[in-house]
1. Closer than 17 Å to F283 by Cβ, of a type in the set (D, E, K, R) and out of contact with any helix residue (DSSP H, G or I) (no Cβ under 8 Å at 6 or more places or on another chain): is that true of K332 in this structure?
2. Only one of these is assigned by the TED database to the domain that holds N258 and surrounded by 18 or more Cβ atoms within 10 Å (Cβ to Cβ): L318, L305. Name it.
3. Looking at this structure, is G313 among the small types (G, A, S) and within 28 Å of C255 (Cβ to Cβ)?
4. For S360, all conditions in the list (1) buried (at least 21 other Cβ atoms within 10 Å of the Cβ); (2) polar (S, T, N, Q); (3) free of Cβ contacts under 8 Å to residues at least 24 places away in the same chain hold save one; what is the number of the exception?
5. Taking interchain pairs and intrachain pairs at least six residues apart, which have beta carbon atoms under 8 angstrom, with the first residue in region 250-275 and closer than 14 Å to Q236 by Cβ and the second part of a helix (DSSP H, G or I) and among the acidic types (D, E)?
6. So which residues in region 122-144 are buried (at least 16 other Cβ atoms within 10 Å of the Cβ), closer than 11 Å to K178 by Cα and touching a residue at least 40 places away in the same chain (Cβ under 8 Å), if there are any at all?
7. Does V176 satisfy the condition of being within 17 Å of M219 (Cα to Cα) and surrounded by 15 or more Cβ atoms within 10 Å (Cβ to Cβ)?
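The values are calculated or read from the model by the stated rules, or taken from the named source; none is laboratory data. Since the model is a prediction, treat every value here as computed from it, not as a measurement. Counting neighbours? That spans all protein chains shown, and the Cβs are built from the backbone with ideal geometry, glycine included.
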Amino acid sequence: MTLVNRNRRRFCIFPQACLLLIKIFSAMKKHYSLSLFSMFLICALRAYDTQGQALRIPSDQNFSNSTGRRLGATVIEVKWNAPGVKGREGKIWGTGIAPYGFTVLGYGSNVESPWRAGADEATTISFSTDVRINGKPLSAGKYGFFIALYPDSCTLIFNKNTEGWGSYFYDKAQDVLKVTTRQQKDLPTLQERLVYEFGHQTEQSVELALLWEFWKIPMTIEVDLKETVLASIKSQMSGALGFDPPSLIAAARWCLQNDTNLPEALSWITSASDASLGGIRTFNVLSTRARLQAKMGKDTEAASLMNEALENGSAIELHQHGRQLLSEKKSKEALAVFEQNYKKHKGTWPTNVGMMRGYSANGDLKKALEYAKAARQQAPDDVNRQSLDEAIKQLEQGKAL
């Protein structure tokens with residue numbers, strides 16, 4: 001059926017439907033008032049007028065927004081509609097625009113409800129992993145977000161209903177978490193449009209704040225970085241990446257650096273070095289495997305594998321391994337690696353730097369100074385030359401590096 005024919009059919013059918021409604025009302029006029037029927041008819045007309053309309057016209061009142069942030073393996077996303085102040089400075093908070101506490105809104109479920117923390121549809125916040133909000137646990141998922149405002153504090157509410165219109169259909173039985181925060185009420189500049197912003201991020205936490213007019217309402221989101229990243233790694237390793245040597249190596253090294261999941265990490269790095277599986281036996285792979293074995297008390301196997309790794313390592317790789325040993329306070333082992341590197345690569349850069357650091361860490365500042373001066377002659381750029389000048393000055397003063 002063509003669009004014209006469909007429209008003709010609509011215009012033919014709708015008057016007939018109205019006549020039918022009038023007949024029904026006439027038959028039931030003893031039970032229903034004229035005003036009720038009129039309201040019903042108006043609703044029917046409006047429904048008919050918009051039937052089939054797919055056109056979406058952007059609102060010039062409340063802007064639709066979204067923002068997100070990755071915190072380790074955790075993805076946080078906020079979606080909201082942003083009302084404007086529009087000259088209502090000082091008339092936002094504690095008014096009909098953003099009322100204090102819980103108020104009956106006169107529509108929807110008609111129960112005491114908090115502020116919708118935005119405009120139009122419900123504001124939503126989603127977390128891809130479990131998190132903590134102001135110190136309290138919240139499971140991974142998507143939540144409707146509401147705020148019960150008070151003059152000197154705010155109650156942040158995470159609710160299961162993510163599809164409601166604002167907070168008109170708020171049901172406290174679906175609340176998952178309530179936490180308290182204190183708002184800042186003296187922002188230096190006017191925030192015209194309501195916005196959610198991330199800030200003050202660390203490895204395991206980030207602040208998320210609502211800003212509007214002169215108010216800022218913050219919350220702190222925290223994650224267990226080690227737990228969430230490990231869960232992400234395990235999930236990825238269960239798929240095709242579990243057969244990819246570079247991915248296996250990266251996963252094992254992360255576990256080694258974070259001292260967690262060591263048995264599985266050892267199995268990953270073992271697969272990565274298995275030639276029958278397309279693995280490789282580079283310094284990076286072998287040294288990682290050896291260090292995992294050492295952490296698990298397999299000292300004999302670890303020593304044998306580390307010797308093989310050192311034989312395969314470049315001057316830079318051996319130097320970095322020696323530096324790693326120094327950071328672990330293993331100065332004698334570090335000096336042995338620096339000496340092996342120096343002999344194997346015949347004093348090329350940066351083996352003299354390693355010897356300088358190794359002797360300094362073991363208390364022989366005279367030899368450390370000799371190697372420092374030799375390294376200064378080889379330095380490839382101004383940054384390294386300046387660093388070695390400072391090291392030479394420190395050693396000449398009798399101070400260890």
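1. Criteria not met by K332.
2. Result: L305 is the single residue among L318, L305 that is assigned by the TED database to the domain that holds N258 and surrounded by 18 or more Cβ atoms within 10 Å (Cβ to Cβ).
3. Judged against the criteria, G313 is a match.
4. With respect to (1) buried (at least 21 other Cβ atoms within 10 Å of the Cβ); (2) polar (S, T, N, Q); (3) free of Cβ contacts under 8 Å to residues at least 24 places away in the same chain, S360 is out only on (3).
5. C255/E264
6. Result: I133, single match.
7. Against the criterion (within 17 Å of M219 (Cα to Cα) and surrounded by 15 or more Cβ atoms within 10 Å (Cβ to Cβ)), V176 does not qualify.
Each row is one residue, and each column tells you yes or no for (1) among the polar types (S, T, N, Q); (2) in the same structural domain as S113 (by the TED database); (3) over 30 Å from L225 (Cβ atoms); (4) in contact with a helix residue (DSSP H, G or I) (Cβ under 8 Å, 6 or more places away or on another chain).
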{"position": "L138", "(1), (2), (3), (4)": "no, yes, no, no"}
{"position": "F145", "(1), (2), (3), (4)": "no, yes, no, no"}
{"position": "Y150", "(1), (2), (3), (4)": "no, yes, yes, no"}
{"position": "C154", "(1), (2), (3), (4)": "no, yes, no, no"}
{"position": "N161", "(1), (2), (3), (4)": "yes, yes, yes, yes"}
{"position": "K178", "(1), (2), (3), (4)": "no, yes, no, no"}
